[in-house]
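Asker: First, the structure itself, so that you have it in front of you.
The values are calculated or read from the model by the stated rules, or taken from the named source; none is laboratory data. Note that this is a predicted model, so its numbers are computed, not measured. Note: ideal-geometry Cβ built from the backbone for every residue, glycine included; neighbour counts use all protein chains shown. Heads up: the accessible areas ignore ligands, DNA and RNA and are worked out on the full protein's heavy atoms, side chains in. Shrake-Rupley method; radii C 1.70, N 1.55, O 1.52, S 1.80 Å.
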Amino acid sequence: LDQIIEAEERIFLDRIPKSVALHQQASRSIPGGVASSWASSRPTPVWVSAGKGGYVWDVDDNKYVDFHAGYGANVVGHANPAVVAAVQNRVTLGTHFAQPTPDLIVVAEELASRFGLPQWRFSNSGSEATMDAVHLMRSISGKDLIIKIEGSYNGHHDSVLVSIFRSTSELGPENEPWRVPWSGVPQAIADLVRIVPYNDLVALERVLTEFKNEIAGMILEPMMMNAGIIAPQDNYLRGVREITAKHRVLLAFDEVKTGLVVHHGGATKLYGVTPDIICLAKALAGGVPCGAIGGTHEVMSAISDGRYNQVGTFNGNPLTMAAARAVLTQVMTPAVYDRANELGSYILSNALETLHRHGQSAYGFQAGFKVCVVFSDKPARNYRQFLNTSTGISHLHFLKQFNGGIFLPPWGKSESLTLSVAHTKADADIYIRNLIGFGEDLQSMGERAS
Ligand code: PMP
């Protein structure tokens, strides 16, 4: 496996000499040569020059079908004409006032009708949205502890940078998991978190009972999306809703990845379970940085009456709101989700059929614009189970797809692919064709995912 990976990495690097040179130059003034460490990937970051519809071009002028979608932000397709027009019109009228502009109301009303929560505020990223969610839960309840899911990534602020991207041995005993802080986060902050496994109502009930009257709320990505995709088991989300309500604990859905992507009304509408708070970002403004936080009247009254000041110089920035308005009202209509489900299920069924035909273990999941193929025969129910998936085979898959003209998100094991409204069956067929080559490689060396 190592030899095949090495050979594919050589092909990868030979295709992109300008990216390699830019990376070397950038590394002198930019740590790691990238703007965010999530863009730092093996064998080297790929520098992109342009995107149009379902495609991106790198600086060496190679064209790719883009299923990376900027980590799931670009479901409208690159340079979508409606988003381009909205941003172009707005940019000539001034880009920043820190005063409200009328697009705010359109965006808030549209989100309220899609997600079923009546009031919305804005931020610039998913991390800011989940940070506001945690602040709100603590501010309203007057309590300090929060519950989060083991292994789940909820953004890069202190409260939630706990027990993520760790090996099983670093996570501690299964029934009494450690609270492992991210580098730079004090253990004292991590100790304000109670960790529970995903898809486990018994553990949730146990923690809520043990820490009765100490817990402000729970933050939960309704479909876990940094571990391939782990879908909620039947009645898990409903159970979480009932148990948190019974214990009078607020529930926040982190829909930064799922919102607007898996369904017109996010995982909230897909599964028919409404939390007290919803966090959005990524796909919301078609690639323009934007986050949002929605809440019930009870929750959001903490903002209106000043108990919690939800703030940010660029919140509701006019460019961002113009882009979000175009995304919501002109592009992401209910019909595009039907098309996405059709294309997504075509990809998933053909991918699994191809892999199984080549003797490879694989399972997968699809909802709206998200498709995920995991190289393992045992569908994971939680993060610890997912850690058994082979990192090497997932990386080889990323390389084979890249060298065959499909841009997937790096960190192959953790991520899923994201479609856009611009993708076609012909794009999907390139992905499947590459999978055949991948399956043949694995088959020829007798390598098999566990
Ligand atoms: N929550 C989830 C579920 C995410 O996947 C991410 C980003 N990958 C975030 C929060 C943080 O979003 P951002 O990177 O925009 O701060």
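Asker: Which of the residues belonging to region 345-373 are outside any strand (DSSP E or B), under 30 Å from V331 (Cβ atoms) and among the polar types (S, T, N, Q)?
Answerer: S345, S349, N350
Asker: Taking the criterion of being open to solvent by less than 40 Å² (accessible area, probe 1.4 Å) and within 16 Å of the ligand (Cβ to nearest atom), would at least one residue in region 166-184 satisfy it?
Answerer: No, the conditions are met nowhere in region 166-184.
Asker: Assuming L270 fulfils every condition listed in (1) in contact with a helix residue (DSSP H, G or I) (Cβ under 9 Å, 6 or more places away or on another chain); (2) under 25 Å from F365 (Cβ atoms); (3) in contact (Cβ under 8 Å) with a residue 60 or more places away in the chain apart from one, which condition is it?
Answerer: (1)
Asker: Given the residues V83, V106, which is the only one that is modelled with pLDDT of 95 or more and surrounded by 22 or more Cβ atoms within 10 Å (Cβ to Cβ)?
Answerer: Values: V106 fails: surrounded by 22 or more Cβ atoms within 10 Å (Cβ to Cβ).
On inspection, the qualifying residue turns out to be V83.
Asker: Same structure again: Taking region 20-75 as the search range and keeping residues that are assigned to a strand (DSSP E or B) and among the aliphatic types (A, V, I, L, M), which one is surrounded by the most Cβ atoms within 10 Å (Cβ to Cβ)?
Answerer: Top of the filtered list is V65.
Asker: Taking the condition under 30 Å from S304 (Cα atoms) and in contact with a strand residue (DSSP E or B) (Cβ under 8 Å, 6 or more places away or on another chain), does D132 pass?
Answerer: Yes.
Asker: Moving on. Select from region 267-286 the residues that are within 12 Å of the ligand (Cβ to nearest atom) and outside any strand (DSSP E or B) and list them in ascending order.
Answerer: Residues satisfying the conditions are A267, A281, K282, A283, L284, A285.
Asker: Among residues belonging to region 30-52 that are free of Cβ contacts under 8 Å to residues at least 24 places away in the same chain and over 20 Å from the mean Cα position of the chain (by Cα), point out the one that is nearest to Y71 (Cα to Cα).
Answerer: Ranking the qualifying residues of region 30-52, first place goes to V48.
Asker: Would you mind stating whether Y363 is more than 16 Å from the ligand (Cβ to nearest atom), of a type in the set (F, W, Y), in contact (Cβ under 8 Å) with a residue 40 or more places away in the chain and more than 23 Å from S125 (Cβ to Cβ)?
Answerer: Numbers: more than 16 Å from the ligand (Cβ to nearest atom): yes; of a type in the set (F, W, Y): yes; in contact (Cβ under 8 Å) with a residue 40 or more places away in the chain: no; more than 23 Å from S125 (Cβ to Cβ): yes.
Against the criterion (more than 16 Å from the ligand (Cβ to nearest atom), of a type in the set (F, W, Y), in contact (Cβ under 8 Å) with a residue 40 or more places away in the chain and more than 23 Å from S125 (Cβ to Cβ)), Y363 does not qualify.
Asker: With respect to L104, determine if the residue is farther than 28 Å from I243 by Cβ and not in a loop (DSSP other than H, G, I, E, B). Write out each step before concluding.
Answerer: Values: farther than 28 Å from I243 by Cβ: yes; not in a loop (DSSP other than H, G, I, E, B): yes.
Spelling it out, L104 is indeed farther than 28 Å from I243 by Cβ and not in a loop (DSSP other than H, G, I, E, B).
Asker: Can you tell me which residue within region 203-223, out of those that are open to solvent by 10 Å² or more (accessible area, probe 1.4 Å) and among the β-branched types (V, I, T), is nearest to V261 (Cα to Cα)?
Answerer: Among those residues, the one meeting the criterion is V207.
Asker: Which ones in region 282-308 are basic (K, R) and surrounded by fewer than 24 Cβ atoms within 10 Å (Cβ to Cβ)?
Answerer: If the condition is that a residue be basic (K, R) and surrounded by fewer than 24 Cβ atoms within 10 Å (Cβ to Cβ), then R307 is the only one that fits.
Asker: Can you find a residue that is within 21 Å of G126 (Cα to Cα), without any contact (Cβ under 8 Å) to a residue 24 or more places away in the chain and more than 16 Å from the ligand (Cβ to nearest atom) anywhere in region 301-313?
Answerer: yes
Asker: Take the residues in region 107-132 that are within 16 Å of the ligand (Cβ to nearest atom) and in a helix (DSSP H, G or I), then tell me which one is nearest to A283 (Cα to Cα).
Answerer: G126
Asker: Among residues belonging to region 402-423 that are surrounded by 21 or more Cβ atoms within 10 Å (Cβ to Cβ) and among the aromatic types (F, W, Y), point out the one that is nearest to A231 (Cα to Cα).
Answerer: In this case the residue turns out to be F407.
Asker: Any residue in region 325-344 that is within 16 Å of the ligand (Cβ to nearest atom), farther than 30 Å from G392 by Cα and surrounded by 23 or more Cβ atoms within 10 Å (Cβ to Cβ)?
Answerer: yes
Asker: Can you report the number of residues in region 207-225 which are assigned to a loop (DSSP other than H, G, I, E, B) and in contact (Cβ under 8 Å) with a residue 60 or more places away in the chain?
Answerer: Step one: list which residues in region 207-225 are assigned to a loop (DSSP other than H, G, I, E, B), which gives 211-214, 221-223, 225.
Now drop any that are not in contact (Cβ under 8 Å) with a residue 60 or more places away in the chain, which leaves 211, 213-214, 221, 223, 225.
Here the count works out to 6.
Quick grid of which residues meet (1) in a helix (DSSP H, G or I); (2) in contact with a Phe, Trp or Tyr (Cβ under 6 Å, 6 or more places away or on another chain); (3) more than 16 Å from the ligand (Cβ to nearest atom):
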residue	(1), (2), (3)
A227	no, yes, no
A245	yes, no, yes
K257	no, no, no
V262	no, no, no
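Asker: Ok, one more. Which of the residues spanning region 332-383 are farther than 22 Å from I432 by Cα and in contact with a Leu (Cβ under 7 Å, 6 or more places away or on another chain)?
Answerer: M332
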